[in-house]
Amino acid sequence: MNKNDSIMIKIMNELVNIYLHHGCDNVIINLRCTEKMGVVELQGAINSIEKSVLNELKISLNTPRRDDTEEYYWALLGSDYSSELNLLDAMVDEGYVSYENGILKIKVIRRF
């Protein structure tokens, strides 16, 4: 397994934490990696989620990636020191969030 694969696994784990934190116990995950990018897509049923949380997710997952501090943030992803969103924005290039009919869908893209 190479470094990019490891990073994608940590990103995926952090996204799963978001679902679990909001009461979802059944998350469908699709992970695709090529030489140029990694894509993680998740979906799961969540009874209710505040619009402010959705907006925070959208903003965080579309904040410009911070290559200068990536090594530090990568080490923290998935650790006890990380929270739901504060590290993901440093690791992904773009993200999409939708919530319709009780289904939360998140897609993130990281270019290598």
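Scanning segment 1-32 for residues that are touching a Leu at 6+ places or on another chain (Cβ under 9 Å) and assigned to a helix (DSSP H, G or I) yields Ile7, Met8, Ile9, Lys10, Ile11, Met12, Asn13, Glu14, Leu15, Val16, Ile18, Tyr19.
Among the residues of segment 33-68, write down those that are assigned to a helix (DSSP H, G or I) and either farther than 21 Å from Asn4 by Cβ or not hydrophobic (A, V, I, L, M, F, W, C) (or both).
The answer is Lys51, Ser52, Val53, Leu54, Asn55, Glu56, Leu57, Lys58, Ile59, Ser60, Asp67, Asp68.
Laboratory data are not the source of any read-out in this text; all were calculated from the coordinates shown. These numbers were taken from a predicted model, which means no experiment stands behind them. Methodologically, a virtual Cβ is constructed for each residue, glycine included, from the backbone with ideal geometry; neighbour enumeration extends over all protein chains shown.
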